[in-house]
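Take a look at the structure below.
Throughout, read-outs are computed from the coordinates displayed, never taken from laboratory work. Because the structure is a prediction, the values reported are computed rather than measured. Neighbour counts run over all protein chains shown; Cβ positions are idealised from the backbone, glycine included.
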Amino acid sequence: MRKKFSTTSYVLFICLAFVLSSGLQGCSQYPLDTCLVTGKKLGTMGEPYVHDHNGTTVKFCCEPCLDKFNEEPDKYLAKLRK
Ligand SMILES: [Zn+2]
């Protein structure tokens, strides 16, 4: 009985996790696999640097790109919205 309960919970959990993750990805999936500032492929310089700009997720190849982004955020955000 106890085993049945835990199996059911496990299945429910997987379903819930799937629904939640697909729902989250649907509204926050990042469209680019390149650095917004340099255009370099993300991951080639190590872990991408993820930044939240007023609720918009942006990713850079490295942290110094954040400074360049902050100089002209609108210019770089335009790339994201293409
Ligand atoms: Zn960079």
Mind checking whether some residue in segment 58-70 is loosely packed, with under 15 Cβ neighbours inside 10 Å and of a type in the set (Val, Ile, Thr)?
no
Can you tell me which residue within segment 51-78, out of those that are closer than 16 Å to Asp33 by Cα and among the polar types (S, T, N, Q), is farthest from the ligand (Cβ to nearest atom)?
Thr56
Could you please find all residues in segment 27-50 being near the ligand (Cβ under 10 Å from one of its atoms) and within 15 Å of the chain's Cα centre (by Cα)?
Cys35, Leu36, Leu42, Pro48, Tyr49
